Amino acid sequence: MRECLVAAALAAGIVLAATGPFARWLRAGRLRREVRIDTPESHQAKQGTPSMGGVVLTLAVAAACLAASPTVSCLVLTLATVAFAGLGFLDDFVKATARPGFGIKARHKFSVQVGLSGGAVYAVAWAFELPPALHWPPTFAAVPLGWAFVPAAVFFVVAVTNATNIVDGLDGLAAGVLFLCFGALTVISAVEGLTPVAAFSGAAAGACLAFLWFNRHPARIWMGDTGSMALGAGLALTALASGKELLLPLLALVLVVDGVSVILQVLAFKTTGKRLFRIAPIHHALELRGWPETRVVTAAWLLTGVGALGSAAVWLSGR
């Protein structure tokens, strides 16, 4: 438990100290994400808000995790997170410079995500000596998958990463949701004695909580793809490393709802030519129905809190 508390405090301190100056540097260098026209009209007021806050988040999590638990397992988790942060940073940079408002082409980004996920899954499975199996709640007994484990795990990491990227669309939304998700995984991992996972999750939770000081409405900086891809991948990998991958859909219920809303919107439009929602993801659809941004974010935090309590109940019922 000590390691996760130390990691959380270190990460929070780094984010609080570095995010303000980094945001000012981004503004001075005009490295600011342009708001796309296919978002609610109210978002045009966010024009010029610096992105790439995920640079500070990723460095804070990596430094805090390795300082609190300098193990090979922590190193693997941090290197995987940094790799996804690199892809997200490239996407953010393209959005801010070469193609304002638009980043790397989706098919190219997806291909790199699959490659990174494959390497990350292999490394995490080796570092944590994971069996080729899924862990079924509430007892989390291993259900062998054999050769199918790798593609299933890669799909899981890519899905969680992209869902997190989708959720990062409102001030404070992704940071608050991720804080609650990582916080729950920290407690579970610490109780089970999984120190490297608890240290990484604790660092991520502390960093996200501190980032809310700058990212709450009205946001002074966004985490961008740098942060959402890094932390989304980190969330998926810590769930795999702790054997709680099938608990994550309940814990991260907001990621599921937002991600599925986009998938359904695309499928409906391609098959029928009509949209299920006025706009996707669903947090933007709620805005168009008249919900203030802060109300949407608060509802998402509450839903995540309910998911965290439900996850805790499922976990405790199997102990």
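Fully extended, how many nm does the chain gain between T294 and R107 (0.36 nm per residue separation, minus their Cα-Cα distance)?
Full-extension gain reported as 64.0 nm.
Could you run the Debye sum over the Cα atoms of the chain, one equal point scatterer each and no solvent, and tell me log10 of I(q)/I(0) at q = 0.13, 0.15, 0.16 Å⁻¹, two decimals?
Log-scaled intensity ratios, in q order: -0.90, -1.22, -1.39.
Could you tell me which residue out of G224, V187, A148 lies farthest along the dipole of the chain toward its positive end? Charges go on the beta carbon: Lys and Arg +1, Asp and Glu -1, centred on the Cα centre.
G224
In a GNM of the chain with a 10 Å cut-off on Cα contacts, which of F179, F84, F156 has the highest mean-square fluctuation?
Among F179, F84, F156, the largest mean-square fluctuation in the Gaussian network model of the chain belongs to F156.
Output the 0 to 90 degree angle, nearest 10, between the alpha-carbon long axis of helix 293-317 and the longest principal axis computed from the alpha carbons of the chain.
10
Fully extended, how many nm does the chain gain between S317 and Y122 (0.36 nm per residue separation, minus their Cα-Cα distance)?
67.1 nm
Just rank K105, K270, K244, fewest to most, by other beta-carbon atoms within 10 angstrom.
With the fewest neighbours first, K105, K270, K244 line up as K270, K105, K244.
Quick check on the range 201-319: take the gyration tensor over C-alpha atoms, sort the square-rooted eigenvalues as a ≥ b ≥ c, and tell me if it's rounded (a/c under 1.5), prolate or oblate.
It comes out oblate by the Cα gyration axes.
Over 12 Å, how big is the tail of the calculated P(r) for the range 174-216, in percent of all Cα pairs? All intermediate terms of the calculation are to be shown ahead of the outcome.
Working: 464 of 903 pairs.
So the portion of pairs separated by more than 12 Å is 51 percent.
When a/c is below 1.5 the answer is rounded, else prolate if a/b is larger than b/c, else oblate, so apply that to the range 50-123 with a ≥ b ≥ c taken from the square roots of the Cα gyration tensor eigenvalues.
Working: a/c = 5.31, a/b = 1.53, b/c = 3.48.
Oblate, because a/c is 1.5 or more while a/b does not exceed b/c.
Would you mind ranking T81, T272 by Cβ crowding within 10 Å, fewest neighbours first? Can you show the working numbers first?
On the way: T81 28, T272 9.
Ascending number of Cβ neighbours within 10 Å: T272, T81.
Round to the nearest 0.05 the FRET efficiency obtained for W147 and V114 when R0 = 25 Å and r is the Cβ-Cβ distance.
Working: r = 17 Å, r/R0 = 0.67.
That gives a FRET efficiency of 0.90.
Measuring from centroid to centroid over Cα atoms, what is the spacing of the range 147-168 and the range 272-312 in Å?
With the range 147-168 and the range 272-312 each reduced to a Cα centre, they are spaced 21 Å.
What does the charge dipole of the range 2-244 about its Cα centre add up to, to the nearest 20 debye, if the Cβ of each Lys and Arg holds +1 and the Cβ of each Asp and Glu holds -1?
700
No value in this document is a laboratory result; all are computed from the given coordinates. Everything numeric here is computed off the predicted structure, so don't read it as measured data. When we count neighbours, we look across all protein chains shown, and the Cβ atoms used for this are built from the backbone with ideal geometry, even at glycine.
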